[in-house]
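**Q** To start, I am sharing the structure in question, which I have written as structure tokens.
The values are calculated or read from the model by the stated rules, or taken from the named source; none is laboratory data. What you are looking at is a predicted structure, and each value in this text was computed from that prediction instead of being measured. All Cβ positions, glycine included, derive from the backbone under ideal geometry; neighbour counts span all protein chains shown. The protein model used for the area step is the full one, side chains on, heavy atoms only, and it has no ligands, DNA or RNA in it. Shrake-Rupley method; radii C 1.70, N 1.55, O 1.52, S 1.80 Å.
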Amino acid sequence: MADTTQAARILLLEDDTPLRERFAHIINGWPGGELVAACATLEEALAVLNRQPVDLLMTDLNLPDGHGIEAIRLLRRLYPDADAMVISVLADDETVLNAIEAGAVGYLLKDADSIELVEAIESLRAGHSPISSSIARILVRRMNAPAASQPGPELTPRETEILRGIAKGFTYTELAEWLSISRQTVPVHIKNIYRKLAANNRSEAVYEASKRGLIRL
């Protein structure tokens with residue numbers, strides 16, 4: 001958790017002049033923070049980060065000479081204990097997730113007023129992750145999305161038939177009779193099925209095949 005006993009050294013990165021001046025005014029009027037720089041370009045912000053430590057980076061994302069995520073990554077590399085908060089109009093899934101994966105711990109949309117902005121900074125400095133409600137919905141939706149199955153070696157038509165028989169509970173002898181194949185070849189096919197599905201037994205094989213959509217239970 002960040003040390004909140006001293007004024008937070010804040011670096012602001014915003015290319016829109018009126019917004020940059022508005023945010024700077026809010027920060028300068030907050031006794032808990034010290035604005036070390038208000039930058040309009042990524043180049044300026046990276047230079048500040050390389051020159052002096054900061055406790056909090058407040059950054060837009062789409063900038064005239066790059067992307068705010070680059071500043072977040074440099075911040076995390078140079079000052080691991082520092083925090084990064086995005087303030088942007090961008091709220092699509094990919095942008096939000098990329099920013100958070102880069103190290104942002106807060107994400108506000110640019111409609112935040114002065115009170116909300118200060119409250120968000122104080123919350124972030126206290127160890128929380130202030131995010132706008134629409135951003136929260138993106139994260140919840142992504143967390144609830146089913147994980148994509150990892151592709152694996154494809155089963156042959158014969159292996160798929162045997163797998164269906166396994167799901168029905170057939171024995172090796174019943175599988176051989178059902179498919180008109182040698183009883184001795186059944187274990188060979190099953191061994192290949194287990195290997196391709198990374199399974200150790202029938203139950204695991206059936207479960208993994210069902211999850212991949214190879215068979216329907």
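**Q** Going by amide H atoms built from the backbone, whose H comes under 5 Å of the H on I87, apart from near neighbours?
**A** T59, D60, L108
**Q** Can you tell me how much longer the chain between Q52 and A198 gets when fully stretched, taken as 0.36 nm per residue apart minus their C-alpha distance, in nm with one decimal?
**A** Using 0.36 nm per residue and subtracting the Cα-Cα distance, I get 47.5 nm.
**Q** Might you report the magnitude of the Cβ-based charge dipole of the chain about its Cα centre, with Lys and Arg at +1 and Asp and Glu at -1, to the nearest 20 debye?
**A** Charge dipole, the chain, about its Cα centre: 1720 debye, nearest 20.
**Q** Along the three principal axes, how long is the chain when you take its alpha carbons, biggest first, rounded to the nearest angstrom?
**A** Taking max minus min along each principal axis of the Cα atoms, the chain gives 83, 33, 30 Å.
**Q** What net charge is computed for the residues neighbouring I69, neighbours being all others with C-beta under 12 Å from the C-beta of I69, Lys and Arg scored +1, Asp and Glu -1?
**A** Combined, the nearby Lys, Arg, Asp and Glu give -2.
**Q** Further question on the same structure: Taking only C-alpha pairs under 8 Å that are 6+ residues apart, what is the relative contact order of the chain in percent?
**A** 14
**Q** A further question on this structure: Go ahead and set up a Gaussian network model of the chain, Cα springs under 10 Å, then flag whichever of N200, N50, N28 fluctuates most.
**A** Per the Cα network of the chain with a 10 Å cutoff, N200 tops the list.
**Q** Could you give the length gained by full extension between D65 and E116, i.e. 0.36 nm per residue of separation minus their alpha carbon distance, to one decimal place?
**A** Contour length minus the Cα-Cα distance gives 15.5 nm.
**Q** With all protein chains present, calculate the accessible area of R20 using a 1.4 Å probe and round the result to the nearest 10 Å².
**A** Accessible area of R20: about 40 Å².
**Q** Hey, any idea what % of the chain's accessible area is carbon plus sulfur with a 1.4 Å probe?
**A** 50
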